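Engineer: Handing you this structure, nothing more for now.
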Amino acid sequence: MTRLPGWLRRRHSLSELHELKGVLRSHGLSTVCEEARCPNKAECFSKPTATFMILGDSCTRDCGFCSVKSAPPLPPDKDEPRRVAEAASKMGLKYVVVTSVTRDDLPDGGAGQFAETIREIKKHLPEAGVEVLTPDFGGSKDALSRVLSAEPHVFNHNVETVPRLYATVRPQADYNRSIGLLRRLKELSPETNTKSGLMLGLGESFEEVLEVFKDLRGAGCDLLTVGQYLRPTKKNLPVVEYIEPEIFKALREQALGMGFRSVASGPLVRSSMNAEEMYTGNVSV
Ligand code: SF4
């Protein structure tokens with residue numbers, strides 16, 4: 001599977017890319033946009049919007065679809081929350097997304113750093129929306145409460161794929177733990193918007209995807225993203241199938257019919273793409 005179908009090819013204008021990269025580098029920050037080689041980088045950076053990656057660039061897990069390096073991480077940087085907030089303010093962001101690698105090595109899985117980063121962003125940008133895309137914190141209720149205490153507007157945790165494929169796609173994760181996390185979020189904070197997402201093209205069936213939608217709705221999930229998996233490096237899982245845009249449209253209709261408040265479903269859709277539009281409900285894909 002080498003040649004990308006037409007609907008997945010994008011033109012990049014480098015100017016915005018470099019300008020924003022300058023801001024990020026001057027604050028010693030990285031984005032998942034760059035680490036995960038996202039195809040929408042130029043479009044998002046031109047808005048500008050970006051997804052800040054905290055807690056370092058080494059993950060304690062090794063998911064088959066991800067190009068983030070799997071290695072023993074460094075201790076959390078206490079000054080990072082302030083730097084993220086300063087960079088977001090310098091970029092003039094109205095909506096800020098924060099994510100991280102998985103830190104199974106930390107007692108709270110990094111929840112404290114997420115909470116501090118949310119608070120710093122709210123101090124620097126009181127009007128901005130803040131969304132967190134978190135790991136599963138090993139299913140820890142305390143970790144969830146710690147992040148929720150900083151009151152993010154949207155709490156995102158991706159299930160990524162269907163349960164049958166977890167062993168190859170997310171071997172250190174657990175599907176029921178991820179669904180359980182989303183359910184617990186709603187129990188702990190019913191007013192917080194919860195969000196999740198899947199990548200397609202790894203061998204799942206249409207019916208399996210609908211079953212995941214049902215589980216997510218059963219857990220009270222409000223927002224949903226569905227996109228095409230793209231192989232970031234030769235070391236990652238091969239693409240099994242390039243899903244036609246019509247299938248994404250059909251899935252979107254099914255998901256809206258199940259009661260999701262906002263659904264973005266399309267070949268180039270990513271978890272944090274159009275995040276602000278999803279939060280405000282103005283999504284068209
Ligand atoms: S846990 Fe997240 S950052 Fe780590 S390998 Fe998996 S997808 Fe990548």
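The values are calculated or read from the model by the stated rules, or taken from the named source; none is laboratory data. As the structure is a prediction and not an experimental result, all values here were calculated from the model. Don't worry about glycine lacking a Cβ; one is built from the backbone with ideal geometry, like all the others, and counts go over all protein chains shown. Each accessible area value is taken on the protein alone, full model and side chains, heavy atoms only, with ligands, DNA and RNA left out. Shrake-Rupley method; radii C 1.70, N 1.55, O 1.52, S 1.80 Å.
Engineer: Which condition breaks for SER15 when tested against (1) open to solvent by 50 Å² or more (accessible area, probe 1.4 Å); (2) at pLDDT 70 or above; (3) of a type in the set (S, T, N, Q)?
Structural biologist: (2)
Engineer: Does any residue of the range 211-222 turn out to be in contact with a Gly (Cβ under 8 Å, 6 or more places away or on another chain) and either under 30 Å from LYS94 (Cα atoms) or modelled with pLDDT under 95 (or both)?
Structural biologist: yes
Engineer: Among (1) touching a helix residue (DSSP H, G or I) at 6+ places or on another chain (Cβ under 6 Å); (2) within 20 Å of ARG25 (Cα to Cα); (3) charged (D, E, K, R), there is one condition GLU86 misses while meeting the rest; what is its number?
Structural biologist: Going through the list (1) touching a helix residue (DSSP H, G or I) at 6+ places or on another chain (Cβ under 6 Å); (2) within 20 Å of ARG25 (Cα to Cα); (3) charged (D, E, K, R), GLU86 breaks only (1).
Engineer: Kindly indicate whether any position in the range 266-279 is closer than 16 Å to TRP7 by Cβ and more than 14 Å from the chain's Cα centre (by Cα).
Structural biologist: Yes, because at least one residue in the range 266-279 is closer than 16 Å to TRP7 by Cβ and more than 14 Å from the chain's Cα centre (by Cα).
Engineer: Looking at the range 140-177 only, could you name the residues that are away from the ligand (no atom under 16 Å from the Cβ), crowded, with 18+ Cβ neighbours inside 10 Å and of a type in the set (Lys, Arg)?
Structural biologist: ARG146
Engineer: Name the residues in the range 69-112 that are buried (at least 20 other Cβ atoms within 10 Å of the Cβ), within 18 Å of the chain's Cα centre (by Cα) and within 16 Å of the ligand (Cβ to nearest atom), would you?
Structural biologist: The answer is VAL97, VAL98, THR99, SER100, VAL101, THR102, ARG103, GLY109, GLY110, ALA111.
Engineer: Only residues that are over 20 Å from PHE52 (Cβ atoms) and not in a helix (DSSP H, G or I): list them for the range 128-148, please.
Structural biologist: Correct list: SER140 only.
Engineer: Also: Criterion first (touching a residue at least 12 places away in the same chain (Cβ under 8 Å) and over 27 Å from THR31 (Cβ atoms)) does PHE248 satisfy it?
Structural biologist: So PHE248 fails the test.
Engineer: Tally the residues that are part of a helix (DSSP H, G or I), touching a residue at least 12 places away in the same chain (Cβ under 8 Å) and open to solvent by 20 Å² or more (accessible area, probe 1.4 Å), restricting the search to the range 178-211.
Structural biologist: 8
Engineer: Could you tell me which of the residues LEU198, LEU188, LEU210 is in contact with a strand residue (DSSP E or B) (Cβ under 7 Å, 6 or more places away or on another chain) and over 21 Å from SER70 (Cα atoms)?
Structural biologist: The conditions single out LEU198.
Engineer: Filter the range 232-262 for residues that are basic (Lys, Arg) and over 22 Å from CYS66 (Cα atoms); which is least open to solvent (accessible area, probe 1.4 Å)?
Structural biologist: Taking the range 232-262 and keeping what is basic (Lys, Arg), we get 234-235, 249, 252, 261.
Narrowing further to those that are over 22 Å from CYS66 (Cα atoms): 249, 252, 261.
Values: LYS249: 127, ARG252: 41, ARG261: 113 Å².
It comes out as ARG252.
Engineer: Which of the residues spanning the range 214-231 are open to solvent by 10 Å² or more (accessible area, probe 1.4 Å) and assigned to a helix (DSSP H, G or I)?
Structural biologist: Once the filter is applied, which keeps residues that are open to solvent by 10 Å² or more (accessible area, probe 1.4 Å) and assigned to a helix (DSSP H, G or I), the range 214-231 yields LYS214, ASP215, ARG217, GLY218.
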